[in-house]
1. Under a Cβ-Cβ cut-off of 15 Å, what is the net charge of the residues other than Thr80 that fall near it, where Lys and Arg count +1 and Asp and Glu count -1?
2. For the chain, what is the Kirkwood estimate of the hydrodynamic radius, computed as the reciprocal of the mean inverse distance between distinct Cα atoms, to one decimal in Å?
3. Under a Cβ-only charge scheme (Lys and Arg +1, Asp and Glu -1), can you give me the dipole magnitude of segment 4-127 about the Cα centre, in debye to the nearest 20?
4. Using only helices, what value at 222 nm comes out for the chain when you add -39,500 (n - 2.57) per DSSP H run of length 4 or more and divide by the total residues, to the nearest 500 deg cm²/dmol?
5. Considering only Cα-Cα distances, which of the following residue pairs are longer than 29 Å: Lys4/Lys115; Lys31/Lys67; Lys55/Lys86?
6. Based on a Kirkwood Rh over C-alpha pairs, give the Stokes-Einstein translational diffusion coefficient of segment 72-131 at 37 °C and viscosity 0.692 mPa s in µm²/s.
7. On a straight-distance basis, which aspartates and glutamates could pair with Lys30 in a cross-link, Cα separation under 15 angstrom, same-chain partners fewer than 8 positions away excluded?
8. If each of Ala50 and Asp29 carries a label point 7 Å out from its Cα toward its Cβ, how far apart are those two points in nm?
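Rule-based calculations on the coordinates, nothing more; no lab input. Everything numeric in this text was worked out from a predicted model, so none of it was measured. Neighbour counts are summed over all protein chains in view; Cβ atoms, including those assigned to glycine, are modelled from backbone coordinates with ideal geometry.
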Amino acid sequence: MKPKILVVAANYYEKITSTLSEHTTSVLDKKTNYKFIHVPGIFEIPVAIAKNIKKYDGFVALGCVIKGETPHFDFISSATTNAIMKLSIDYKKPIGNGIITCLNMEQAIVRSSKKGQEAAKAALSILGFQK
């Protein structure tokens with residue numbers, strides 16, 4: 001039986017999220033039953049996962065944060081990562097973290113070509129569906 005995966009994608013940087021999503025589906029297409037939902041930014045990802053935690057076997061979180069001139073980047077990145085980890089441990093469900101944290105858009109573009117794929121593979125690996 002194919003695992004049910006929910007992909008939660010933050011649309012703040014739509015071009016980056018689109019690339020992340022494309023590479024995520026390349027891994028999930030034949031191995032899972034998956035669904036995408038979209039949220040405004042990465043800070044909303046943990047809430048979307050929490051609302052759906054009992055409906056799916058695993059999750060993939062996709063998005064991007066680019067460092068600006070204020071500490072906002074640090075707070076948002078840390079809070080989101082900690083919340084995702086807590087959900088994963090508390091509910092014993094894998095959440096592949098495909099959230100890119102970068103210093104600039106150029107880094108984000110480069111990293112978006114692999115990060116979604118890596119996050120999907122990580123979630124499937126924990127479920128026992130990826131070699």
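1. Within the 15 Å Cβ shell, the charges total +1.
2. Numbers: mean 1/r = 0.0695 Å⁻¹.
By the Kirkwood definition, the hydrodynamic radius is 14.4 Å.
3. Approximately 560 debye in magnitude.
4. Details: 4 runs with 66 residues, N = 131.
Helix contribution divided over all residues of the chain: -17000 deg cm²/dmol.
5. Checking Cα-Cα distances, Lys31/Lys67 exceed 29 Å.
6. For the chosen part, D equals 259 µm²/s.
7. Once the sequence-local aspartates and glutamates are set aside, what remains near Lys30 is Glu22.
8. Label-label distance for Ala50 and Asp29, simple model: 3.5 nm.
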